[in-house]
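Colleague: I'd like to ask some things about the structure below.
The values are calculated or read from the model by the stated rules, or taken from the named source; none is laboratory data. Keep in mind it's a predicted model, so treat the numbers as computed, not measured. Positions of Cβ are generated from backbone atoms using ideal geometry, with glycine treated the same way; all protein chains shown enter the neighbour counts. With ligands, DNA and RNA removed, areas are computed over all heavy atoms of the protein, side chains included. Shrake-Rupley method; radii C 1.70, N 1.55, O 1.52, S 1.80 Å.
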Amino acid sequence: MDKLKCECGHVNPEGTILCESCGKPIEGNQHIDGNDKTKLLNMRYDGTARRSQTYNRTIVDKIWNFFSSVKVGVMLIVIALIASGIGTIFPQEQFIPPEAENRDPAVFYEDWYGLIGKIYYQLGFHELYSSWWYMILIALIGISLVICSIDRFVPLYRALKIQQPKRHNSFLSRQRLYSNTAVVSKEEKETLVSRLKKQRYNIVNKDGNILAEKNRFSRWGPYVNHIGLIIILIAAILRMTPFFYLDEYVWVREGEQKVIPGTNNEYYIENKRFLLEVYEEDDERYKDAMERMGEQVHKNYQTDLIIYKTVGETVVGKEPELEKVTESSIQLNAPLKIDGYTLYQSGFQENEFSKMKFKLYETADEDQNSLGEITVDLTSPDETYELENGIKIQVSQYYPDYVLEDGEPRSVSKFPRNPAFVFNVFPPDEEKGEISFVGIGKNIDATGENKYKLGIVDFEMRYASGITVRQDYTLPFFILGAAIFMIGVIQGMYWQHRRIWINPQGEGILLAAHTNKNWFGLKKDIEKAIAGTNIQMVIDQEEEKEV
């Protein structure tokens, strides 16, 4: 690395624009910050040598320079914002509405949104926030923030740390605020310094050259912002890992026991009862609202449940041994927390069949006297049912949610909302059965020659409770990142880094000042400090140039 030695004796790194010690412009480097085209010096980074502005030889240099560009960082953020916006056009896969007839994303998006939904699914936008390219985009933003910060913070910190009170005349005269007073007494100079101290400036005096500085910490505000954003980005990436974030959805029907997803088969949930309450139609407080909506308004829905935990080791193919952990209820906005997991009441489905009772009778019997009855569990029907008289009834086909499409029966979902069956009825000692199609409002004899018929006698209905299971260890990272980001915002917004240089010049002084913002406030500080003295007020050379 080439070194640049200034006339003050300080050795500067290659690429330095203003000497780190005295501030004298380094010849041949003024084009980097545009100082060759302006009267005033560019003090954004105090003329320090930034790697991105100095080296462009190796592939590492080129990658570093690419990510150190603010324009690249802004471009990546804009792309991420556009992509994130696209991801909100339709619900993501995990937020497909519970009432959807088919929650398979390959079917759902086309059914609900037509051709646009199909394209949306085929392009992979249905799981955008967990897609590999979105994760890479977030990682690239993080890399850009890290490199941008290092590229600017390290040299700026070095320059401010080793800056000297004595500055080159060309540095002082090219500051925005500058004055040259020919004659200044010792008492006036002491008064100036004393008043600056009272205004909480830190004073550094070296051989009569004075640097008054305050609020240097405000210069680090943007970099504190970057640290907060990087922590938030890390949290967003960790949110894609099952160890740090779990968001599952499970349907549990009344009387049903299921393993809680995402718990590694450690916890089970049993739905004892689902309760749905609505506002009374004659309630004067809500009568007008219900009339406008044209439907009942839900007051409360909750699930009374039991949570179990497995005991000992789980053996494949063997029912696990469970112990009761708690019995409780969950309501909307009143979740249940257990061992780091939070269970939310998220939805429900009604009018779902749980059991159906059928009776068998002879086709020719007008009174339909029963020859026997069977009860079918619609969650898991048995393959064969045998009556006391020796007649066997076989479930040949089962359609939980029956529809007829293009002349072919099919089920649009696995939930028993409109159950239909194809039964084979085998009389005693006969191998050939009679085929019947039985459903709600349907009883079809395909041959017209069946001796026996099956009819629906009774049925039981039940609710299905939709429960969200969530575990989030990333939330503290988001809170920490947001807090650090806000500290950086406050740090950089409400304080300003102010510096005043006072260098002796013969019997007088050269007075120059710089701040990163709020020039009016800095001029007021100087005005108070020189009040009643012969020291010339600084001239705002930027305003003078505009005039």
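Colleague: What pairs can you find where one residue is in the range 83-95 and touching a residue at least 24 places away in the same chain (Cβ under 8 Å) and over 9 Å from Phe125 (Cα atoms), the other is part of a loop (DSSP other than H, G, I, E, B) and open to solvent by less than 40 Å² (accessible area, probe 1.4 Å), and their Cβ atoms are less than 7 Å apart, with a gap of 6+ or different chains?
Modeller: Note: no pairs meet the criteria.
Colleague: Inside the range 68-80, can you point out the residues that are open to solvent by 30 Å² or more (accessible area, probe 1.4 Å) and of a type outside the set (A, V, I, L, M)? Break it down stepwise before answering.
Modeller: Residues of the range 68-80 that are open to solvent by 30 Å² or more (accessible area, probe 1.4 Å), as a first pass: 69-71, 74-75, 77-79.
Once the filter is applied, which keeps residues that are open to solvent by 30 Å² or more (accessible area, probe 1.4 Å) and of a type outside the set (A, V, I, L, M), the range 68-80 yields Ser69, Lys71.
Colleague: Is it the case that the range 150-172 has a residue that's under 24 Å from the mean Cα position of the chain (by Cα), among the aliphatic types (A, V, I, L, M), modelled with pLDDT of 90 or more and surrounded by fewer than 20 Cβ atoms within 10 Å (Cβ to Cβ)? Before you say what the answer is, go through the steps one by one.
Modeller: Applying the first criterion (under 24 Å from the mean Cα position of the chain (by Cα)) to the range 150-172 yields none.
Checking the range 150-172: not a single residue is under 24 Å from the mean Cα position of the chain (by Cα), among the aliphatic types (A, V, I, L, M), modelled with pLDDT of 90 or more and surrounded by fewer than 20 Cβ atoms within 10 Å (Cβ to Cβ).
Each row is one residue, and each column tells you yes or no for (1) surrounded by 15 or more Cβ atoms within 10 Å (Cβ to Cβ); (2) touching a helix residue (DSSP H, G or I) at 6+ places or on another chain (Cβ under 7 Å); (3) without any contact (Cβ under 8 Å) to a residue 60 or more places away in the chain; (4) hydroxyl-bearing (Ser, Thr, Tyr).
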{"site": "Arg200", "(1), (2), (3), (4)": "no, no, yes, no"}
{"site": "Ile232", "(1), (2), (3), (4)": "yes, yes, no, no"}
{"site": "Leu246", "(1), (2), (3), (4)": "yes, no, no, no"}
{"site": "Ile260", "(1), (2), (3), (4)": "yes, no, no, no"}
{"site": "Asn271", "(1), (2), (3), (4)": "yes, no, no, no"}
{"site": "Asp282", "(1), (2), (3), (4)": "no, no, yes, no"}
{"site": "Arg285", "(1), (2), (3), (4)": "no, no, yes, no"}
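Colleague: Residue pairs, Cβ under 9 Å, 6 or more apart or interchain, first in the range 18-29 and farther than 18 Å from Lys161 by Cβ and open to solvent by 10 Å² or more (accessible area, probe 1.4 Å), second hydroxyl-bearing (Ser, Thr, Tyr) and part of a loop (DSSP other than H, G, I, E, B). List them.
Modeller: Ile26/Thr16; Asn29/Thr16
Colleague: Filter the range 361-389 for residues that are part of a strand (DSSP E or B), open to solvent by less than 60 Å² (accessible area, probe 1.4 Å) and either in contact with a His (Cβ under 8 Å, 6 or more places away or on another chain) or more than 28 Å from Gly255 (Cα to Cα) (or both) and give the result.
Modeller: Once the filter is applied, which keeps residues that are part of a strand (DSSP E or B), open to solvent by less than 60 Å² (accessible area, probe 1.4 Å) and either in contact with a His (Cβ under 8 Å, 6 or more places away or on another chain) or more than 28 Å from Gly255 (Cα to Cα) (or both), the range 361-389 yields only Tyr361.
Colleague: Scan Leu305, Leu275 and give me the residue that is at pLDDT 70 or above, open to solvent by less than 40 Å² (accessible area, probe 1.4 Å), within 34 Å of the chain's Cα centre (by Cα) and under 21 Å from Ser346 (Cβ atoms). Reasoning before the result, please.
Modeller: Values: Leu275 fails: open to solvent by less than 40 Å² (accessible area, probe 1.4 Å).
Going through Leu305, Leu275 in turn, just one is at pLDDT 70 or above, open to solvent by less than 40 Å² (accessible area, probe 1.4 Å), within 34 Å of the chain's Cα centre (by Cα) and under 21 Å from Ser346 (Cβ atoms): Leu305.
Colleague: Within the range 390-424, restricting attention to residues that are in a strand (DSSP E or B) and hydroxyl-bearing (Ser, Thr, Tyr), which residue is farthest from Glu254 (Cα to Cα)?
Modeller: Applying the first criterion (in a strand (DSSP E or B)) to the range 390-424 yields 392-399, 401-405, 408-411, 418, 420-424.
Those left that are additionally hydroxyl-bearing (Ser, Thr, Tyr): 396, 398-399, 402, 411.
On the way: Ser396: 27, Tyr398: 21, Tyr399: 21, Tyr402: 22, Ser411: 22 Å.
Filtering first and then ranking leaves Ser396.
Colleague: From the residues in the range 308-352 that are part of a loop (DSSP other than H, G, I, E, B) and polar (S, T, N, Q), which one is most open to solvent (accessible area, probe 1.4 Å)? Don't jump to the end; show me each part of the working.
Modeller: Taking the range 308-352 and keeping what is part of a loop (DSSP other than H, G, I, E, B), we get 311-321, 332-333, 335, 339-340.
This time we only want the ones that are polar (S, T, N, Q), so: 314, 333.
Values: Thr314: 82, Asn333: 146 Å².
The residue in question is Asn333.
Colleague: Run down Ser144, Ser68 and say which single residue is more than 30 Å from Ile467 (Cβ to Cβ), modelled with pLDDT of 90 or more and more than 24 Å from the chain's Cα centre (by Cα). Working first, answer last.
Modeller: Working: Ser144 fails: more than 24 Å from the chain's Cα centre (by Cα).
Result: Ser68 is the single residue among Ser144, Ser68 that is more than 30 Å from Ile467 (Cβ to Cβ), modelled with pLDDT of 90 or more and more than 24 Å from the chain's Cα centre (by Cα).
Colleague: Could you tell me whether the range 188-205 includes any residue that is on the phi > 0 side of the Ramachandran plot and of a type outside the set (D, E, K, R)? Spell out how you get there, then give the answer.
Modeller: Initially, the range 188-205 is screened for residues on the phi > 0 side of the Ramachandran plot, giving 200.
From the residues that got through so far, the ones that are of a type outside the set (D, E, K, R) too are none.
No, the conditions are met nowhere in the range 188-205.
Colleague: For a quick check of your reading: which helices (runs of 4 or more DSSP H) sit entirely within the range 468-547 and have at least 2 residues that are touching a Leu at 6+ places or on another chain (Cβ under 6 Å) and open to solvent by 50 Å² or more (accessible area, probe 1.4 Å)? I'd like the intermediate steps shown before the answer.
Modeller: Details: elements: 475-493, 519-530, 541-546.
Fully inside the range 468-547 and qualifying: nothing.
Colleague: May I ask you to list the residues in the range 33-70 that are polar (S, T, N, Q) and more than 12 Å from Arg152 (Cβ to Cβ)?
Modeller: Asn35, Thr38, Asn42, Thr54, Asn56, Thr58, Asn65
Colleague: Any chance you could count how many residues in the range 392-408 are open to solvent by less than 60 Å² (accessible area, probe 1.4 Å) and within 17 Å of Ile435 (Cα to Cα)?
Modeller: Qualifying residue count, the range 392-408: 5.
Colleague: Turning to a different aspect of this structure: Is the range 190-208 home to any residue that is polar (S, T, N, Q) and under 30 Å from Ile77 (Cβ atoms)? I'd like the intermediate steps shown before the answer.
Modeller: Initially, the range 190-208 is screened for residues polar (S, T, N, Q), giving 191, 194, 199, 202, 205.
After this cut, where a residue has to be under 30 Å from Ile77 (Cβ atoms) as well, the list is none.
No, the range 190-208 has no match at all.
Colleague: Now for a separate question. Which one of Leu454, Leu404 is farther than 16 Å from Glu352 by Cα, in contact (Cβ under 8 Å) with a residue 24 or more places away in the chain and aliphatic (A, V, I, L, M)? Lay out the reasoning, then the answer.
Modeller: Details: Leu404 fails: in contact (Cβ under 8 Å) with a residue 24 or more places away in the chain.
Among Leu454, Leu404, only Leu454 is farther than 16 Å from Glu352 by Cα, in contact (Cβ under 8 Å) with a residue 24 or more places away in the chain and aliphatic (A, V, I, L, M).
Colleague: Another question about this same structure. Could you tell me whether Ala100 is surrounded by fewer than 18 Cβ atoms within 10 Å (Cβ to Cβ) and modelled with pLDDT of 90 or more?
Modeller: Numbers: surrounded by fewer than 18 Cβ atoms within 10 Å (Cβ to Cβ): yes; modelled with pLDDT of 90 or more: no.
No, not satisfied.
Colleague: Can I ask one more? Regarding Gln122, is this residue open to solvent by 30 Å² or more (accessible area, probe 1.4 Å) and at pLDDT below 90?
Modeller: On the way: open to solvent by 30 Å² or more (accessible area, probe 1.4 Å): yes; at pLDDT below 90: no.
For Gln122, the condition - open to solvent by 30 Å² or more (accessible area, probe 1.4 Å) and at pLDDT below 90 - is not met.
Colleague: Among residues belonging to the range 175-197 that are open to solvent by 50 Å² or more (accessible area, probe 1.4 Å) and either under 47 Å from the mean Cα position of the chain (by Cα) or not hydrophobic (A, V, I, L, M, F, W, C) (or both), point out the one that is farthest from Gly506 (Cα to Cα). Spell out the reasoning first.
Modeller: Of the residues in the range 175-197, the ones open to solvent by 50 Å² or more (accessible area, probe 1.4 Å) are 176, 180, 182-183, 186-187, 190, 194-195, 197.
Next, from what is left, pick out any that are either under 47 Å from the mean Cα position of the chain (by Cα) or not hydrophobic (A, V, I, L, M, F, W, C) (or both): 176, 180, 186-187, 190, 194-195, 197.
Numbers: Arg176: 23, Asn180: 11, Lys186: 12, Glu187: 16, Glu190: 17, Ser194: 22, Arg195: 23, Lys197: 25 Å.
Going through the qualifying residues, I end up with Lys197.
Colleague: Only one residue in Gly466, Gly439 is at pLDDT 90 or above, closer than 30 Å to Glu256 by Cα and of a type outside the set (S, T, N, Q), so which one is that?
Modeller: Only one candidate passes the filter, namely Gly439.
Colleague: Please indicate, with yes or no, whether at least one residue in the range 43-55 is open to solvent by less than 40 Å² (accessible area, probe 1.4 Å) and of a type in the set (A, V, I, L, M).
Modeller: yes
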